[in-house]
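Each value in this text was obtained by applying a stated rule to the coordinates, not by laboratory testing. It should be emphasised that the depicted structure is a prediction, and the values quoted were computed from it without experimental measurement.
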Amino acid sequence: MKVELENRKLEQAANLLFHLALKGKQSRHRTKFIKLLQARIEEVEEQRIQLAKEHSNLDEEGNPIVKNNKFDIKDLDAFSKDLEELYDEKMVIEGGDYTSMLKTLKEVLLTCEVEFSGKEAVLYDYLCEQFEGGENE
C-alpha cells in the first residue's frame with residue numbers, strides 16, 4: 001500500500017487526524033502517521049526558508065536582508081514559482097513497516113462518522129482519495 005500527500009496539505013492532514021477520537025491501535029497508528037507528517041512538515045519549512053534566502057537581496061556581507069522578520073525577496077515571481085514547486089511535491093509513504101499503519105488509517109478514514117464541512121470536508125475527501133488510490137500499490 002502506498003499513500004502520496006502533497007506538501008501543501010500535510011499540516012492540515014495532521015490537524016484533521018489529530019482531532020479524531022480514536023483509541024487503541026487506531027490511536028497508536030494515527031500518532032505514528034502524524035509523527036511522519038510532522039517530520040516532513042519541518043523539512044518543508046526548512047526548504048522554504050532556504051528558498052527565501054536564495055531569492056533575497058543581500059547585504060554588504062552577502063547575508064540575506066531581513067525586514068520586519070521577513071526576507072527581502074528580490075524577485076517575488078521566481079520565489080513564488082519555486083515555492084509552488086516545493087508545495088506541489090508529494091510525500092510518499094509506502095509498504096514495509098508502514099503497511100499496517102496505512103491500512104488502519106484507511107479504515108479509520110473510510111468508516112469515520114464525524115461530520116465535516118467546508119475546508120475540512122474537502123481535505124477529508126482528499127485524504128480518502130489518497131488512501132483509496134494507494135490500496136493496489
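Restricting attention to the chain, close to 100% of DSSP beta bridges with both partner residues there are antiparallel. In the chain, the C-alpha radius of gyration followed by the widest Cα-Cα span (Dmax) gives 18.3, 59 angstrom. For the range 78-137, the fraction of alpha-carbon pairs lying more than 17 Å apart is 53 percent, rounded to a whole number.
With the contact rule set at Cα under 8 Å and sequence spacing of 6 or more, what percent relative contact order holds for the range 2-133? Mind showing how you got there, number by number?
Details: 122 pairs, mean separation 50.9, N = 132.
Relative contact order comes out at 39 percent.
Once you've got the Cα coordinates, tell me which of Lys32/Lys106; Lys23/Lys90; Lys2/Lys32; Lys9/Lys53 are over 18 Å apart. Please report the intermediate quantities before stating the final value.
On the way: Lys32/Lys106 14 Å; Lys23/Lys90 29 Å; Lys2/Lys32 16 Å; Lys9/Lys53 23 Å.
Listed pairs above 18 Å: Lys23/Lys90; Lys9/Lys53.
Would you calculate a helix-derived [θ] at 222 nm for the chain, using -39,500 (n - 2.57) for each DSSP H run of n ≥ 4 and dividing by the full residue count, to the nearest 500?
Working: 5 runs with 81 residues, N = 137.
After summing the helix terms and dividing by residue count, I get -19500 deg cm²/dmol.
Give me the Debye-computed log₁₀ of I(q)/I(0) at q = 0.12, 0.20, 0.26 Å⁻¹ for the range 1-62, equal point scatterers on Cα only, no solvent, two decimals. Debye output, listed in q order: -0.43, -0.82, -1.11. A cut-off of 5 Å between modelled amide H atoms, ignoring neighbours fewer than 5 places along the same chain, links Phe71 with no other residue.
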